[in-house]
Amino acid sequence: MKDINVTINNQTYYGSYEINDNVMTVYFEYGNNSKSESIGSAKEAALAKVLLTEMVMDLLTN
């Protein structure tokens, strides 16, 4: 597991991610608990931040 964080509206949200069989799963302790995506040619850290940001935005808008 690797740690990841994003800052949205001056609030920092923390998660972690792992990669198994070319699929990244990002874990977030609030709202939607995890999200997975095939890595393809994406840079690992950038994809993790995108997935965590999507989960945070889902939390903030629901």
- [ ] Return the pairs, sorted by first residue and then second, in which the second residue is of a type in the set (Lys, Arg) and assigned to a strand (DSSP E or B), the first residue lies in the stretch 1-28 and is free of Cβ contacts under 8 Å to residues at least 24 places away in the same chain and surrounded by 10 or more Cβ atoms within 10 Å (Cβ to Cβ), the beta carbons are less than 8 Å apart, and the residues are 6+ apart or on different chains.
- [x] SER16/LYS2; GLU18/LYS2; THR25/LYS35
- [ ] Hey, can you tell me all the residues within the stretch 29-49 that are in contact (Cβ under 8 Å) with a residue 24 or more places away in the chain and either closer than 16 Å to LEU60 by Cα or surrounded by 14 or more Cβ atoms within 10 Å (Cβ to Cβ) (or both)?
- [x] TYR30, GLY31, ASN32, ALA48, LYS49
Task: Some residue of the stretch 37-59 being in a strand (DSSP E or B) and in contact with a Ser or Thr (Cβ under 9 Å, 6 or more places away or on another chain) - done: yes
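Coordinate-derived values only; no laboratory data. Not measured: the values here are computed from a predicted model. Virtual Cβ from ideal backbone geometry, glycine too; neighbours counted across all protein chains shown.
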